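The structure under discussion appears below in the form of structure tokens.
The values are calculated or read from the model by the stated rules, or taken from the named source; none is laboratory data. Model, not experiment: these values are computed from the prediction. As a convention, Cβ positions derive from the backbone with ideal geometry for all residues, glycine included, and neighbour counts pool all protein chains shown.
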Amino acid sequence: MRHFLLAILAAALPMAAHADVTSRVDGSGPDAATFEGSVTLTGFTAQGDRVVAVGTLSGTLADAAGETVGEADGLPLRLALDRGSLRATCDLLAARLGPTDAQVGGRAVRLEPIELEVPARAGGAGLRDLLCRLAEALSGQPSAGSLAESLDAALRALG
């Protein structure tokens, strides 16, 4: 299983409500097809007792010979947060998102998990404060709703 450190992309305007956070993602499809692309996270939400990252998928699906057999460009995507992997300190947020399945070019693709790592320095003092509060909340059993709100606030602080 390959993991990628999350690349943080600042929003085009400093006053943006949300930053977009983009990470490389790989996957596999039928008949030895491979997917290479990126996921852009735009928020977090609760679905029942689960926390889900919301974003879009872009990339290319190639067959075993390397020929393009499908493309995704801004395909809506939801990735479940592995709550057992969620760690927060005042300096770092770390979590695993996925794996998940997507349809690319009419073919099922299994996307590998994404290892999310957001250092506090990426968002300044505001993000550091949010991560400290999240670390404290994780010592208890926060609801999916409050956890999603905290993660969404951290994502906004990156902008």
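Things worth noting here:
- Pick from region 111-122, criterion closer than 24 Å to R78 by Cα and in contact with a Ser or Thr (Cβ under 9 Å, 6 or more places away or on another chain), ranking: surrounded by the most Cβ atoms within 10 Å (Cβ to Cβ): I114
- Filter result for A72 (assigned to a loop (DSSP other than H, G, I, E, B) and at pLDDT 95 or above): no
- Residue count for region 70-100 under the criterion of being touching a Lys or Arg at 6+ places or on another chain (Cβ under 7 Å) and more than 14 Å from V52 (Cβ to Cβ): the result is 4.
- Set side by side, the residues R78, R87 differ, and just one is at pLDDT 95 or above and over 14 Å from the mean Cα position of the chain (by Cα), which is R87.
- From the options A125, A148, A95, A80, residue that is surrounded by 16 or more Cβ atoms within 10 Å (Cβ to Cβ), assigned to a helix (DSSP H, G or I) and not basic (K, R): A148
- Residue check for Q47: at pLDDT 95 or above, more than 15 Å from the chain's Cα centre (by Cα) and closer than 17 Å to D152 by Cβ: yes
- Residue selected from region 27-69 under the condition assigned to a loop (DSSP other than H, G, I, E, B) and touching a residue at least 40 places away in the same chain (Cβ under 8 Å), by the criterion nearest to D101 (Cα to Cα): G29
- The single residue among E149, E117 that is closer than 16 Å to R50 by Cβ and acidic (D, E) turns out to be E149.
- If you check A108, A65, A137 for being under 18 Å from F44 (Cβ atoms), among the hydrophobic types (A, V, I, L, M, F, W, C) and surrounded by fewer than 16 Cβ atoms within 10 Å (Cβ to Cβ), only one passes: A137.
- Test for G29: is it in contact with a strand residue (DSSP E or B) (Cβ under 6 Å, 6 or more places away or on another chain), surrounded by fewer than 16 Cβ atoms within 10 Å (Cβ to Cβ) and either modelled with pLDDT of 95 or more or on the phi > 0 side of the Ramachandran plot (or both): no
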